[in-house]
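What follows is a short report on a single structure.
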Amino acid sequence: SQTIHQWPATLVQPVGSPLSLECTVEGTSNPNLYWYRQAAGRGLQLLFYSVGIGQISSEVPQNLSASRPQDRQFILSSKKLLLSDSGFYLCAWRRDRSYNEQFFGPGTRLTVL
Amino acid sequence: AQTVTQSQPEMSVQEAETVTLSCTYDTSENNYYLFWYKQPPSRQMILVIRQEAYKQQNATENRFSVNFQKAAKSFSLKISDSQLGDTAMYFCAFMNNNDMRFGAGTRLTVKP
């Protein structure tokens, strides 16, 4: 069966510090991968998606970037965090174009102080 | 651009009763997918049900069913025989290719 992992689960960082959140998927190959942000009490906003190694599409211009160094690894980064980067970050995967539902990881709660 | 609207920020229902959550969306696409996700206090997003736009038959998963009205761009979720474990945020979502849009959510509370 497929599983998706995210770490860390929680993170408190000062403004201006770098960020690296990691997402990995097990039990499948060549998944589509997604990063979402959820502000408190709000819906999910799609940040990035990837259809393959090294292929990243950005949905919203922002302070963040994403990379996919391996087939089942997706990383969300920032060089300098802003207060507005605080939120709940969710990674998701989709098997391929024939299956359209996305499956989500447990999320990372990021607080920027 | 696609948008998804959930007009009910909060709802409550008595245990064992039925509740319907509303969702409307706006798109110019003809082929797409619609989903309802549940987010309990653990914040894990759980897929509840999905509907392909090309299917006229409404999707059903046990106590969960949808009323999909393509012309009206409406996609409501009906929960029958509500259980305490159904208490959660519910998000309606629209997907076309890799473009996934979520509504703002409805907080459902099931009361004993």
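With charges only on Cβ, +1 for K and R and -1 for D and E, what is the dipole size of chain B about its Cα centre, in debye, rounded to 20?
Working: 11 positive and 10 negative charges, 15 e Å.
For this selection, approximately 80 debye.
3J(HN,Hα) along the range B:12-25: 9, 8, 6, 3, 6, 8, 10, 9, 10, 9, 9, 7, 10, 9 Hz, from the Karplus curve 6.51 cos²θ - 1.76 cosθ + 1.60 with θ = phi - 60°, whole Hz, x for Gly and Pro. Spin-label pair A:Glu26-B:Lys55: with each label point 7 Å from Cα along the Cα-Cβ axis, the two points sit 3.1 nm from one another.
Under a 5 Å amide H cut-off, with hydrogens placed 1.01 Å from N, A:Leu81 pairs with A:Gly16, A:Ser17 among residues at least 5 apart or on other chains. By DSSP, the beta bridges lying fully in the protein assembly as shown are antiparallel in about 90 percent of cases. For the residue pairs B:Lys55/B:Lys111; B:Lys73/B:Lys111; A:Lys80/B:Lys38; B:Lys38/B:Lys111, alpha carbon separations beyond 25 Å are given by B:Lys55/B:Lys111; B:Lys73/B:Lys111; A:Lys80/B:Lys38. For A:Leu82 and A:His5, what is the calculated FRET efficiency with R₀ set at 25 Å and r taken between the beta-carbons, to the nearest 0.05? Computed FRET efficiency for A:Leu82 and A:His5: 0.40. Phi angles across the range B:43-55 convert, under the Karplus curve 6.51 cos²θ - 1.76 cosθ + 1.60 with θ = phi - 60°, into 3J(HN,Hα) values of 6, 6, 7, 10, 6, 9, 6, 9, 9, 8, 5, 7, 9 Hz, Gly and Pro given as x.
Under 18 Å from a label point set 7 Å out along the Cα-to-Cβ vector of B:Ser42, no amide N atom of the range A:50-82 is found. The trypsin sites (Lys or Arg not before Pro) of the range B:47-112 that meet both conditions, a loop assignment by DSSP and at most 12 other Cβ atoms within 10 Å of the site Cβ, are B:Lys55. Taking the three principal axes of the alpha carbon atoms in the range A:12-113, the coordinate ranges are 41, 28, 23 Å, sorted in descending order. Centre-to-centre separation between the Cα atoms of the range B:59-112 and those of the range A:5-74: 25 Å.
Given axes a ≥ b ≥ c from the Cα gyration tensor, I'd like to know whether the protein assembly as shown is rounded (a/c under 1.5), prolate (a/b larger than b/c) or oblate. Taking the square roots of the gyration eigenvalues as a ≥ b ≥ c, the protein assembly as shown is prolate.
Quick note: the coordinates plus some simple rules give every number you see, no bench work behind them. The model shown is predicted, which means the values in this text are computed figures rather than measured ones. Please note: Cβ atoms are built from the backbone with ideal geometry, for glycine as well, and neighbour counts cover all protein chains shown.
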